[in-house]
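Following: one structure in structure tokens, then a few remarks.
The values are calculated or read from the model by the stated rules, or taken from the named source; none is laboratory data. Remember, predicted model here, so these are calculated numbers, not experimental data. FYI the Cβ positions are ideal-geometry reconstructions off the backbone, even for glycines, and counts take in every protein chain you see. Remember, those area values only see protein heavy atoms, side chains included, never the ligands or the DNA or RNA. Shrake-Rupley method; radii C 1.70, N 1.55, O 1.52, S 1.80 Å.
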Amino acid sequence: MTEPLVLTSEQGPIGILTLNMAHKRNALNEEAIAAIDAYFSAVPAHIRAIVLMARGEHFCAGLDLKEHHAKARSGVEFMHVCQGWHRAFDKIQHGGIPVIACLQGAVVGGGLELASAAHVRVADSSTFFALPEGTRGIFTGGGATVRTARIISAPRMVEMMLTGRVLDAQEGRQLGLAHYVCDTAQGDTPAPALALQLAEKIAGNAPLSNYAIVSAISRIADMSATDGLFTEGLVMAMIQQGHDVQQRLGDFVHKKAHKVQLQR
């Protein structure tokens with residue numbers, strides 16, 4: 001019996017989606033994209049954060065080029081494929097639930113597009129990033145020109161695609177492709193454990209605040225300054241109606257809440 005291309009599980013309020021195609025470095029075909037879309041289209045109501053991870057040595061090597069070559073799609077056919085990727089990854093970025101990506105090994109091409117849709121990215125020290133489409137004679141189709149370019153800048157993305165340059169985990173963090181890098185040889189917490197710890201912490205935030213953070217900020221970035229400021233005010237007004245706002249503010253006033261301070 002064939003194993004599913006993605007696995008799903010839960011740890012309390014944390015949903016876990018795992019790419020399950022280690023034999024092909026978790027390269028994404030149409031079926032895998034459909035499975036990702038289906039999961040993010042119907043996230044259970046009790047889930048407050050999601051960890052996106054992968055089995056094997058590699059997070060995701062991108063588009064399944066073997067399938068792509070075998071199908072020899074027309075331009076119109078592949079346009080529909082691209083739109084399927086866009087729909088699935090939009091649901092990750094704009095679904096209202098924080099998504100933490102746990103990265104290792106190859107985060108390449110479409111794998112980088114998938115990771116770029118997540119809100120927090122935790123990388124193992126083995127992680128490397130690349131956009132090899134130029135050397136393959138193709139172009140990005142899963143949203144890199146929007147998401148990845150906004151993380152690292154359009155000129156940097158152009159250079160990566162033209163030269164095929166491969167970035168290691170530390171270089172990726174410097175550009176914003178990873179927020180955390182875990183080097184277990186140096187005593188760091190393993191990336192999967194840190195991703196789950198962060199997910200648990202994020203799940204403890206006010207749900208309405210989390211929704212606003214992951215839904216509004218990237219959209220406001222698309223707006224003019226005037227429209228963005230007005231929208232920010234509207235979002236804050238909406239958050240103010242949350243049922244736990246007064247309780248959380250009261251905890252601060254009565255010195256029950258944690259203090260913001262540098263951890264050493």
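Can T163 be described as open to solvent by 60 Å² or more (accessible area, probe 1.4 Å), out of contact with any His (no Cβ under 9 Å at 6 or more places or on another chain) and either over 19 Å from I33 (Cα atoms) or not aromatic (F, W, Y) (or both)?
Against the criterion (open to solvent by 60 Å² or more (accessible area, probe 1.4 Å), out of contact with any His (no Cβ under 9 Å at 6 or more places or on another chain) and either over 19 Å from I33 (Cα atoms) or not aromatic (F, W, Y) (or both)), T163 qualifies.
Is it true that some residue in the range 64-72 is at pLDDT 95 or above and closer than 17 Å to N26 by Cβ?
no
Go through the range 66-85 and give me each residue that's closer than 21 Å to T145 by Cα, surrounded by 14 or more Cβ atoms within 10 Å (Cβ to Cβ) and out of contact with any helix residue (DSSP H, G or I) (no Cβ under 7 Å at 6 or more places or on another chain).
H68, F78, C82
Give the range 208-224 a look and list any residue that's open to solvent by less than 60 Å² (accessible area, probe 1.4 Å) and in contact (Cβ under 8 Å) with a residue 24 or more places away in the chain, or say none.
Result: S209, N210, A212, V214, S215, S218.
So is E171 farther than 30 Å from H69 by Cα, open to solvent by 40 Å² or more (accessible area, probe 1.4 Å) and among the acidic types (D, E) or not?
Answer is yes for this residue.
Check the range 151-169 and report whether any residue there is at positive phi and not β-branched (V, I, T). Break it down into steps so the answer makes sense when it comes.
Start the filter on the range 151-169 by keeping residues that are at positive phi, which leaves 153, 164.
Keeping just the survivors that are not β-branched (V, I, T) gives 153, 164.
Checked the range 151-169: at least one residue is at positive phi and not β-branched (V, I, T).
Pull out all pairs, ordered by first then second residue, where Cβ-Cβ is under 6 Å, the residues are six or more apart or on different chains, the first lies in the range 115-127 and is more than 14 Å from Q170 (Cβ to Cβ), and the second is among the polar types (S, T, N, Q).
These pairs meet every condition: S116/T148; A117/Q93.
Can you find, within the range 1-60, the residue that is least open to solvent (accessible area, probe 1.4 Å) among those that are under 22 Å from T127 (Cβ atoms) and basic (K, R)?
K24
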